[in-house]
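Take a look at the structure below.
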Amino acid sequence: MKVAVMGYGTVGSGVVEVIEKHSNSIPIKTGGKALEVSRILDLRDFPDDPHKDLFTKDFNDILNDDEIKIVAETMGGVNPAFDFTMKLLKAGKSVVTSNKELVAQRGLELLQAAEENGANYLFEASVGGGIPIIRPLTQCLAANNIEGIAGILNGTTNFILTMMIEEGMSFEEALKIAQEKGYAEKDPTADIEGHDACRKVCILASLAFGKHVYPNQVETEGITNITLEDVSYINSAGGVIKLLGQIIYINDDEIAAFVSPAVVYNGSQLASVKDVFNAILVRGDAVGDVCFYGPGAGKLPTASAVVADIIDCAKHTERKKIFGWGEGAEDYVVDYKSSIKMPFYVRAKASCTKINSIFDEVKYLSRQGQPSDEVAFITDIMTENELNEKLSGIDVINTIKVTNY
Ligand code: HSE
């Protein structure tokens, strides 16, 4: 079967590599069909690449080629990826993607187009890189009502936080290494400000509960305010800081969903997830907690998931996947700051006497070199609005949510 790849960056070149490397074993998994990459779309020139005869800069070379039935979209970004994907689906070609931004923004429309035109739109690589999570969530866990999901969903930020925690490395130095290793987005702002994790939260929430959650509905905070001082205080509390995406089922018409740094205590499965690894903990009413762990970014891990989707499309040319992903609603994602209670880590310029006069009960933390006018503590459970009200007259340096996962 002929396959095209759109976007020959880190992931796209990995897809071509995996298809070619496994050309002998893939037919065993597709029911006898071999895969052949026949076109690669990219605006850049690759004069020394062994596939140079396959390159095109014209999307129509793929759209109008009747022999190409499956296309891997590894371009990233919403435009022109949306336009290309829509045209391909309308032409009855199946599309697989690692493009979480596109799935999070326009997944519903693309899934509807796929269904109407007898094609598949698959996106296993869009969440968790090489970790199987889309199929487990929508198929293996289909018997459950999902109560919540908490995930370390961005490899770049987990790598940076790990380097800060374990090596005492600066934020900037760790980011530079993550970029060199090909983990980061083209613009790493999407990683460090939490937007990439936010998109993955949207995809997971839409699949778990059947209503499209859009990125602008998910309150998102990145890791740029995290310092080595916070890392040190939280270490003294027996925990680590992780960038977590959290989704909480409230009722059929309301969920909470947010991305933020969070204190995770060392007993949690999420605390030991280091470097570029991701983990997604799904809480189902029948199964309990299940945790999916693996490499969350990088060329071959992400290509592993993209090529698995291509194999699925090649195997099931007549079978179309139904994800049960429907329309969202403006008030579907609630303001978690007024409704969800949790403990908080607080670091402030204040005295213990002052803090004791405001909070009923706190657990004080310490660090080496702690200035005499600085306090750090973990509060009792409360909403974020209640916390902010209590801290209104205090010179706060940082606050971080504490998770119960
Ligand atoms: N930049 C992303 C990450 C790539 O670091 O997780 C995988 O989505």
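The values are calculated or read from the model by the stated rules, or taken from the named source; none is laboratory data. Values in this document were obtained by computation on a predicted structure and should not be read as measured data. Here Cβ is always computed from backbone atoms with ideal geometry, including for glycine, and neighbour counts include all displayed protein chains.
Can you tell me how many residues within region 105-122 are out of contact with any helix residue (DSSP H, G or I) (no Cβ under 7 Å at 6 or more places or on another chain) and outside any helix (DSSP H, G or I)?
Taking region 105-122 and keeping what is out of contact with any helix residue (DSSP H, G or I) (no Cβ under 7 Å at 6 or more places or on another chain), we get 108-109, 111-112, 115-116, 118.
Those still in the list that are outside any helix (DSSP H, G or I) too: 118.
The qualifying residues number 1.
Could you check region 247-345 for strands (runs of 3 or more DSSP E) lying wholly inside it with 2 or more residues that are among the polar types (S, T, N, Q)?
Numbers: elements: 254-265, 277-284, 288-295.
In region 247-345, no matching strands (runs of 3 or more DSSP E) lie anywhere.
For (1) assigned to a helix (DSSP H, G or I); (2) within 20 Å of LEU89 (Cβ to Cβ); (3) free of Cβ contacts under 8 Å to residues at least 12 places away in the same chain, each residue gets a yes or a no:
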position: ALA4; (1), (2), (3): no, yes, no
position: TYR8; (1), (2), (3): no, no, no
position: VAL15; (1), (2), (3): yes, yes, no
position: SER23; (1), (2), (3): no, no, no
position: PRO27; (1), (2), (3): yes, no, yes
position: LYS33; (1), (2), (3): no, no, no
position: LEU43; (1), (2), (3): no, no, no
position: ASP48; (1), (2), (3): no, no, yes
position: LYS69; (1), (2), (3): no, yes, no
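For region 331-358, which residues satisfy the criterion of being touching an Asp or Glu at 6+ places or on another chain (Cβ under 9 Å) and under 16 Å from ILE400 (Cβ atoms)?
Step one: list which residues in region 331-358 are touching an Asp or Glu at 6+ places or on another chain (Cβ under 9 Å), which gives 331-345, 347-351.
The answer is TYR336, LYS337, ILE340, LYS341, MET342, PRO343, PHE344, TYR345, ARG347, ALA348.
Which of the following residues is away from the ligand (no atom under 16 Å from the Cβ), in a loop (DSSP other than H, G, I, E, B) and either under 15 Å from GLN105 (Cβ atoms) or touching a strand residue (DSSP E or B) at 6+ places or on another chain (Cβ under 9 Å) (or both): VAL240, VAL213?
On the way: VAL240 fails: in a loop (DSSP other than H, G, I, E, B).
After ruling out the rest, the residue left standing is VAL213.
Out of all the residues in region 381-401, which are under 22 Å from GLY238 (Cα atoms) and loosely packed, with under 14 Cβ neighbours inside 10 Å?
Within region 381-401, just ILE381 meets the criteria.
Against the conditions (1) in a loop (DSSP other than H, G, I, E, B); (2) free of Cβ contacts under 8 Å to residues at least 24 places away in the same chain, where does GLY182 fall short? Just the number, please.
(2)
Search region 346-369 for residues being out of contact with any helix residue (DSSP H, G or I) (no Cβ under 8 Å at 6 or more places or on another chain) and assigned to a loop (DSSP other than H, G, I, E, B), and hand back the single one that is surrounded by the most Cβ atoms within 10 Å (Cβ to Cβ). Lay out the reasoning, then the answer.
Applying the first criterion (out of contact with any helix residue (DSSP H, G or I) (no Cβ under 8 Å at 6 or more places or on another chain)) to region 346-369 yields 349-357, 360-361, 363, 369.
Subsequent filtering for residues that are assigned to a loop (DSSP other than H, G, I, E, B) retains 350-351, 360-361, 369.
Values: ALA350: 20, SER351: 13, ASP360: 8, GLU361: 9, GLY369: 7.
Among them, the one singled out is ALA350.
Select from region 123-153 the residues that are part of a helix (DSSP H, G or I) and buried (at least 24 other Cβ atoms within 10 Å of the Cβ) and write down the one among them that is farthest from the ligand (Cβ to nearest atom). Break it down into steps so the answer makes sense when it comes.
Going residue by residue through region 123-153, those that are part of a helix (DSSP H, G or I) are 124-126, 134-140.
From what's left, buried (at least 24 other Cβ atoms within 10 Å of the Cβ): 124-126, 137.
Numbers: GLU124: 12, ALA125: 8, SER126: 8, LEU137: 17 Å.
So, considering only residues that are part of a helix (DSSP H, G or I) and buried (at least 24 other Cβ atoms within 10 Å of the Cβ), the one farthest from the ligand (Cβ to nearest atom) is LEU137.
Examine region 154-176 for a residue that is over 28 Å from VAL231 (Cα atoms), touching a Pro at 6+ places or on another chain (Cβ under 7 Å) and either modelled with pLDDT of 95 or more or away from the ligand (no atom under 14 Å from the Cβ) (or both), and state whether such a residue exists.
Within region 154-176, the subset over 28 Å from VAL231 (Cα atoms) is none.
Within region 154-176, not a single residue is over 28 Å from VAL231 (Cα atoms), touching a Pro at 6+ places or on another chain (Cβ under 7 Å) and either modelled with pLDDT of 95 or more or away from the ligand (no atom under 14 Å from the Cβ) (or both).
Restricting attention to region 154-168, does a residue exist that is in a helix (DSSP H, G or I), surrounded by fewer than 24 Cβ atoms within 10 Å (Cβ to Cβ), aromatic (Phe, Trp, Tyr) and at negative phi?
Within region 154-168, not a single residue is in a helix (DSSP H, G or I), surrounded by fewer than 24 Cβ atoms within 10 Å (Cβ to Cβ), aromatic (Phe, Trp, Tyr) and at negative phi.
Is region 89-96 home to any residue that is in contact with a strand residue (DSSP E or B) (Cβ under 6 Å, 6 or more places away or on another chain), within 16 Å of the ligand (Cβ to nearest atom) and in contact (Cβ under 8 Å) with a residue 60 or more places away in the chain?
Yes.
Here is a list: LYS90, LYS52, LYS57. Which entry is loosely packed, with under 15 Cβ neighbours inside 10 Å, at pLDDT below 95 and charged (D, E, K, R)?
Values: LYS90 fails: at pLDDT below 95; LYS57 fails: at pLDDT below 95.
Within the list LYS90, LYS52, LYS57, the selection yields LYS52.
Only residues that are part of a helix (DSSP H, G or I) and of a type in the set (A, V, I, L, M, F, W, C): list them for region 89-104, please.
Of the residues in region 89-104, the ones part of a helix (DSSP H, G or I) are 89-90, 100-104.
Residues satisfying the conditions are LEU89, LEU102, VAL103, ALA104.
Assess whether TYR233 counts as being buried (at least 24 other Cβ atoms within 10 Å of the Cβ), hydroxyl-bearing (Ser, Thr, Tyr), within 12 Å of the ligand (Cβ to nearest atom) and at negative phi.
Details: buried (at least 24 other Cβ atoms within 10 Å of the Cβ): yes; hydroxyl-bearing (Ser, Thr, Tyr): yes; within 12 Å of the ligand (Cβ to nearest atom): no; at negative phi: yes.
The answer is no for TYR233.
When you scan region 265-305, how many residues do you find that are away from the ligand (no atom under 16 Å from the Cβ) and under 15 Å from the mean Cα position of the chain (by Cα)?
The initial filter retains those residues of region 265-305 that are away from the ligand (no atom under 16 Å from the Cβ), namely 265-269, 271-272, 281-291.
Next cut, under 15 Å from the mean Cα position of the chain (by Cα) only: 281-282, 291.
The qualifying residues number 3.
What number of residues within region 42-64 satisfy the criterion of being closer than 13 Å to ALA4 by Cα and in contact with a Lys or Arg (Cβ under 7 Å, 6 or more places away or on another chain)?
5
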